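Working notes, beginning with the structure itself.
What follows is calculated from the coordinates using simple rules that are stated; it is not laboratory data. Only a predicted model underlies this, so the values are computations on that prediction, with no experimental measurement involved. Ideal geometry is used to build each Cβ from the backbone, glycine not excepted, and the neighbour counts take in all protein chains shown.
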Amino acid sequence: MKRADALKFLLSWAALAAVFFAAAPLAHAGEFLSGTERVSQGTASLVDIHGTPAETFQITYVDAKGVTRTKTVTTVRHPLSGIGQSFSTVPAAKGTTITVKNLSQPIEPPQSYIAQRFTPGSETAVTALAMDAGSTLTAFGQTFTLGGGFTTIATMADYDTASPGYGTLGGSIPSSFFDVFATLGSDQIVVQLDDSVAPFLLNVASSWDADMPDTGIAVPFTHALAGSLTYLGVTQPFIGSLTGNTTFFSDNFETIAGSIILDGIGTGVFSASGQTMMVPEPATLALVGIGLAGLGAMRRRKLA
């Protein structure tokens, strides 16, 4: 290949403008065209852009206070490769999405996908969720920070379009995989969930057999709660509810966010996020637990 042809080929390849994301410590997540990446660790996320020199990119992210921010960067020619590069660190909050747009190239329409189903009887859909920053519970005259996480296990789904229950997804939140707590300084509220109230039903028909945008599809829910709270050595029963939205994404990523009401005790707001796995049956919860040891660890998404 002639030198001029090789240079032309190199510049054509460089125009693809690959974008890399990483959460500290600088572990690259994957190659992107203009696209999105979900933040799964920390709040210092590296955005590494490779493209044609002098191209302008817009980085959009959400900070720890929930404020959407934008940052504009321009690629600079590398002295050896001739490829344009830009390295930026943005303080993106965990569980949020960083979006990169190439402002110097035509913008293609967003890609969408069809949600993945699971097959009841031969597998279950297991989602390990970690509480996100900003989740709080106001009780006993004080505001506590919610932490920990929980696991949902879906065991049934109605795919029959002629059925009155079409779109219903059913399962449970086992108390053995419920580890949510509230802290304020050295004080802590320990929450124990009652398994008899933990089963859930969710109508997710809107996410089946439909194009799913990159922003996901949100489904409303109301879920009854019951159990016990232990605070300052005193344990008392509670009943209440969770109300909000579950948002499903094309890569089986899931977020749950809404409000908490504990009758006669307090109220709160919460957000939790995690990855759904299809687990073959029969599988004991102990074996499932091995896969959930890294609660809240989320697979990064790749769009091309």
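Phi angles of the range 172-183 translate, via the Karplus equation with coefficients 6.51, -1.76, 1.60 and θ = phi - 60°, into HN-Hα couplings of 8, 10, x, 4, 5, 10, 10, 9, 9, 9, 10, 10 Hz per residue; Gly and Pro are given as x. Net length available on complete extension from Thr183 to Thr222 is 11.5 nm, with 0.36 nm assigned per residue and the Cα-Cα distance removed. Extending 7 Å from Cα along the Cβ direction at Thr74 and again at Ser176 yields two label points whose distance is 6.0 nm. For Thr52, what residues show an amide H to amide H distance below 5 Å, using hydrogens built from the backbone and excluding near sequence neighbours? Amide H to amide H, under 5 Å and 5 or more residues apart or across chains, Thr52 pairs with Ala17, Gly84. The label point for Thr168 and the one for Met156, both projected 7 Å from the Cα toward the Cβ, are 0.6 nm apart.
Judged by the mean number of other Cβ atoms found within 10 Å, the most tightly packed of the peptides 218-225, 77-84 leads the ranking 218-225, 77-84.
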